[in-house]
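Have a look at the structure below before the remarks.
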Amino acid sequence: MRFKKPLKITSRISSVTNGFVQAIIPNAAPSRSEEAEVLAKLGMSSEAQECIFCGQKATDWDHLLPLVKQKRPTGYINSAKNRVPACGPCNHSKSGAEWQNWMTGKAKGAPRQKGVTDIDERIEKIANFAKWADQKPIKFNGIIGAELWDKYWNLHAEIEEKMRAAQQCADAIQRSIKESGALSSPLLS
Ligand SMILES: [Zn+2]
């Protein structure tokens, strides 16, 4: 039997933070007709979709303007006009980056790195699309007020602080068990 390193409570902080972020992003699930409008604008159809970044077969919808940045919602949402067809590798490589910087940048799997030849045409096409889509970020604290916004993120900070304190407690428990000599008992060896 193999023993893994004990899981840390603090290693769960990022998923808690992600929960706080995702829980307040409005869901604007696009309809089929909205999707068709976006595809038509990009010169594609639901039968023939290619990754707008590199031209390979599209398997995903990528949020052109990222929904999350530096662990906070950007205000951009999952609206039809903020979703573009992409291949899995591009979607993954782009992640939360700004699309144009990413396309021409050095990230692993980025279009320039992959040797996409018509990159300038693609950038122009995407820029035209973005202009048409005209997405404006939701200004969360402007809409809901600073009080509720601050309350929410203060709750997050409190939970994070408690998780760190709990981890210290867990570390002390582990240390205490180790120091007790209980682990060197022949029954456990
Ligand atoms: Zn791609």
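Results, tabulated for the structure shown:
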quantity	calculated
One residue from Glu47, Glu35 being over 21 Å from Ile119 (Cβ atoms) and either surrounded by 15 or more Cβ atoms within 10 Å (Cβ to Cβ) or touching a residue at least 40 places away in the same chain (Cβ under 8 Å) (or both)	Glu35
Hits in the range 50-85 (condition: near the ligand (Cβ under 10 Å from one of its atoms) and either without any contact (Cβ under 8 Å) to a residue 12 or more places away in the chain or more than 15 Å from the chain's Cα centre (by Cα) (or both))	Glu50, Cys51, Ile52, Phe53, Cys54, Gly55, Gln56, Lys57, Ala58, Thr59, Pro85
Answer from Ala130, Ala157 - the residue that is loosely packed, with under 13 Cβ neighbours inside 10 Å, more than 16 Å from the ligand (Cβ to nearest atom), modelled with pLDDT of 95 or more and within 22 Å of the chain's Cα centre (by Cα)	Ala157
Unique match (being among the β-branched types (Val, Ile, Thr), under 23 Å from Pro26 (Cα atoms) and part of a helix (DSSP H, G or I)) among Ile138, Ile143	Ile143
Number of the condition not met by Leu148 [criteria: (1) more than 12 Å from the ligand (Cβ to nearest atom); (2) modelled with pLDDT under 95; (3) in a helix (DSSP H, G or I)]	(2)
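The values are calculated or read from the model by the stated rules, or taken from the named source; none is laboratory data. Small disclaimer: the values here were computed from a predicted structure and weren't measured. Cβ sites come from the backbone with ideal geometry, for glycine too, and all protein chains shown count toward neighbours.
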